[in-house]
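Worksheet: one structure, shown below.
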Amino acid sequence: MSDHQSPITDHFQRLCEIVAKLRGPGGCPWDAEQTNESLLPPLIEEAYEVAGAVRAADESNFREELGDLLLLIVMHAEIAAEAGRFKTDNVICEVTEKLIRRHPHVFGESDARDSGAVVRQWEAIKRAEKKSDKHYLASLPDALPALMRAEKAQKKVARVNFDWKKIEDVIAKVEEEVGEVKAAIQSQDLQIVEDEIGDLLFAVVNLSRKCGIDSESALQRATDKFRARFNRLEDELKSQGKRLGDVDLAEMDEIWNRIKGNVECPTPNTELPTSELDIER
């Protein structure tokens, strides 16, 4: 191993040893009580905090959050090791071998060179490895947030040519689903309304994907924008000696529209992507 890699190995080994000590005799009672199940919520939370740091372009926080996420991964592996299920080394070796196996254009004889060919090759290798899967979407994770899960499903089927060719067709589908939601509301059947709203959300995610936009990130930014504008609305009411809840919608709407009018919207990027490079590991 080269010299520049040794410190990484040393630091990682020290982290593993510290986690083992925290969970061992004379260690930390809280750490010792944790299970893989109890650590699921913080694992998910830390992954979101990593995403938040990336979106905020906060390098210091990004580094810290990656560390917190790595700590939880090591904790999960240590708990499994204690139960004799597998070791941390098994986790590292398995993902290393998978990367080599699925990149024959780097480590083997494949001549795949452009990103599209690489994605198709990855999918073919993955399908060959998972012959026990009865269906193509069998590996679609159930635990993902709904928007991410919908987008992942759409990306996967797009790789086998089940996809709209023109964005106009996607927009038409969204408009069609809006009409079906309106009809469902008229029926006053809540189950039908739920089904049609779900179809509309799925179609909007598809539109976002075809525009090269991550729907989860888009909704996060929209919610942040809504919060910022609502905070300004609240501040405006306070400056007039009024409180939320004591003002009718018409007055709040007038303030809201004024706030919207003072905010410049960024010019959208109208260039659409030529390929989708979300490789599912």
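With the cut-off at 1.5 for a/c, could you classify the chain from its C-alpha gyration tensor as rounded, prolate or oblate?
Oblate shape, in that a/c is at least 1.5 and b/c is the bigger or equal ratio.
Which whole-number value in Å² is the accessible area per residue of the range 1-102, probe 1.4 Å?
69 Å²
Any chance you could get the radius of gyration and Dmax over the Cα atoms of the range 29-116, in Å?
In order Rg, Dmax, the Cα atoms of the range 29-116 give 17.1, 54 Å.
Could you order peptides 63-75, 106-118, 177-189, 205-217 by the average number of other Cβ atoms within 10 Å of their residues, highest first?
Ranking the peptides 63-75, 106-118, 177-189, 205-217 by packing returns 205-217, 63-75, 177-189, 106-118.
When only DSSP loop residues count, what chymotrypsin sites (Phe, Trp or Tyr not before Pro) in the range 1-61 have their Cβ near at most 13 other Cβ atoms within 10 Å?
Passing sites in the range 1-61 do not exist.
Add -39500 (n - 2.57) for each DSSP H run of 4 or more in the chain, then divide by its residues: what number comes out at 222 nm, to the nearest 500 deg cm²/dmol?
It lands at -22000 deg cm²/dmol.
So for the chain, averaging the separation of alpha carbon pairs under 8 Å that are six or more residues apart and normalising by length, what relative contact order in percent results?
It rounds to 12 percent for the chain.
Less than 19 Å apart at the alpha-carbon level, and either on another chain or at least 8 residues along: which aspartates and glutamates does that give for Lys210?
Glu151, Asp163, Glu168, Asp169, Glu175, Glu176, Glu177, Asp199, Glu271, Glu276, Asp278, Glu280
Just add up the charged neighbours of Glu78: K/R +1, D/E -1, any other residue whose Cβ is under 13 Å from the Cβ of Glu78.
Computed value for this residue: 0.
Let me know the shape class of the range 166-219, please: from the alpha-carbon gyration tensor, a ≥ b ≥ c as square roots of the eigenvalues, rounded when a/c is under 1.5, otherwise prolate if a/b is greater than b/c, or oblate.
Oblate.
Return the carbon/sulfur percentage of the accessible area of the chain, one whole number, probe 1.4 Å, all protein chains in place.
On the chain, the fraction of accessible area on carbon and sulfur atoms equals 57 percent.
Reachable lysines from Lys21, Cα under 18 Å, same-chain residues fewer than 8 places away excluded?
Lys87
Under a crude label model (7 Å from the Cα following the beta-carbon direction), how far is Ile125 from Glu94 in nanometres?
It works out to 1.8 nm between the two label points.
Could you list, in their original order, any pairs among Lys130/Lys165; Lys130/Lys155; Lys173/Lys260 whose Cα atoms are separated by more than 22 Å?
From the list (Lys130/Lys165; Lys130/Lys155; Lys173/Lys260), the Cα-Cα distance tops 22 Å for Lys130/Lys165; Lys173/Lys260.
Using a simple charge model, +1 on the beta-carbon of Lys and Arg, -1 on the beta-carbon of Asp and Glu, nothing else, what dipole does the chain show about its Cα centre, in debye to the nearest 20?
Computed charge dipole of the chain: roughly 740 debye.
Report the one residue of Thr96, Leu219, Gln240 whose Cα lies farthest in the direction of the positive end of the charge dipole of the chain (charges on C-beta: Lys and Arg +1, Asp and Glu -1; origin at the Cα centre).
The Cα lying farthest towards the positive end belongs to Thr96.
The values are calculated or read from the model by the stated rules, or taken from the named source; none is laboratory data. No experiment lies behind these values; they were computed from the predicted model shown. Don't worry about glycine lacking a Cβ; one is built from the backbone with ideal geometry, like all the others, and counts go over all protein chains shown. Note: areas computed on protein heavy atoms with side chains; ligands, DNA, RNA excluded. Shrake-Rupley method; radii C 1.70, N 1.55, O 1.52, S 1.80 Å.
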